[in-house]
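Trainee: The structure under discussion is supplied below as structure tokens; questions concerning it will follow.
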Amino acid sequence: MLQPDVYSNQTNLLIAAVIYFLICFLVAWFFGKPRKIGFGWSLLFSICFTPIAGYLMTIYSSRSGEKIKQ
């Protein structure tokens, strides 16, 4: 009887984690840098919640040089 390959499951989990953090990084890099929220907060929101939620939070923040209308 063959035993299942334990390292295959760990490798798949590691690959999924790397892809997740890469997507979070890309959201923060392209959308967070020009915003008032910044790269760091955008990355934190993307990692803690999901990249989609981090993207939405980042997009709804104002741009760096943009004045807030009251």
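Trainee: Mind computing the radius of gyration and Dmax over the alpha-carbon atoms of region 24-63? Å is fine for both.
Mentor: Spelled out, the Cα radius of gyration and Dmax of region 24-63 are 8.0, 22 Å.
Trainee: For the ranges 34-44, 10-20, what's the packing order if you count other beta-carbon atoms within 10 Å of each residue, average per peptide, and put the highest first?
Mentor: Taking the mean over residues of other Cβ atoms within 10 Å, the ranking is 34-44, 10-20.
Where a number appears in this text, it was derived from the coordinates with a stated rule and is not lab data. Just so you know, these numbers come straight off a predicted model, no measurement behind them. Here the Cβ is made from the backbone with ideal geometry for all residues, glycine too, and neighbour counts use every protein chain on show.
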